[in-house]
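> One structure coming up, written as structure tokens, with questions to follow.
The values are calculated or read from the model by the stated rules, or taken from the named source; none is laboratory data. Owing to the predicted nature of the structure, the values given are computational and were not obtained by experimental measurement. Here the Cβ positions follow ideal geometry from the backbone for every residue, glycine too, while neighbour counts run over all protein chains shown.
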Amino acid sequence: MHKLILLFYLALALTGCGRGHTVATHVVVDGEEVIDSQVRIVGELATFRCLRSKSGICHYTVLPGTCAANGVGCKPPLSTFSMRQGDTLVLTTLPADFRSCVTADPSAASECASQFADASLAVF
């Protein structure tokens, strides 16, 4: 049954049906692209896309929205994962208010703090 629901949401996302939004992260430092990622959220379906990374790998941290908005990290986060540039991952078990951070370096905590602060100012 879960697979059927996932296929339904995936079909809706691919056809453009359903309401949702995309969170894009594109970081350029001194003219060099460091990270380029998109997270497309449609209902309970979150699609993470690692478009480009200086290291070749995107490192993601996912927190509940309340932790990210307060600037306080939850221990442990909801999810941490890495994927090669060009890869896509679909998650269906995240809370509606989750926030994510993506970096080219797995130990770039200061970049995550900055991304969470910027995301709390964004209007969707």
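> Just name the residue that is nearest to residue 67 (Cα to Cα) out of those in segment 82-94 that are surrounded by 13 or more Cβ atoms within 10 Å (Cβ to Cβ) and free of Cβ contacts under 8 Å to residues at least 40 places away in the same chain.
Step by step, filter segment 82-94, then rank; the result is 82.
> Something else now. Just for segment 103-124: of the residues that are within 19 Å of residue 42 (Cα to Cα) and among the aliphatic types (A, V, I, L, M), which one is modelled with the lowest pLDDT?
123
> Something else about it: Of all residues being free of Cβ contacts under 8 Å to residues at least 24 places away in the same chain and part of a strand (DSSP E or B) in segment 22-34, which is surrounded by the fewest Cβ atoms within 10 Å (Cβ to Cβ)? Just the residue, please.
Filtering segment 22-34 down to residues free of Cβ contacts under 8 Å to residues at least 24 places away in the same chain leaves 22, 24, 26, 28-33.
Now restrict to residues that are part of a strand (DSSP E or B): 22, 24, 26, 28-29, 32-33.
Working: 22: 12, 24: 11, 26: 12, 28: 10, 29: 10, 32: 8, 33: 14.
Among them, the one singled out is 32.
> Also, I was wondering about something else. Among the hydrophobic types (A, V, I, L, M, F, W, C), at pLDDT 95 or above and touching a Cys at 6+ places or on another chain (Cβ under 9 Å): does that describe residue 48?
Working: among the hydrophobic types (A, V, I, L, M, F, W, C): yes; at pLDDT 95 or above: yes; touching a Cys at 6+ places or on another chain (Cβ under 9 Å): yes.
When the stated conditions are applied, residue 48 passes them.
> Let me ask something else about it. Between 79, 37, which is of a type in the set (Gly, Ala, Ser), within 27 Å of residue 19 (Cα to Cα), surrounded by 14 or more Cβ atoms within 10 Å (Cβ to Cβ) and modelled with pLDDT of 90 or more? Give the derivation first.
Working: 79 fails: modelled with pLDDT of 90 or more.
Answer to the check: 37.
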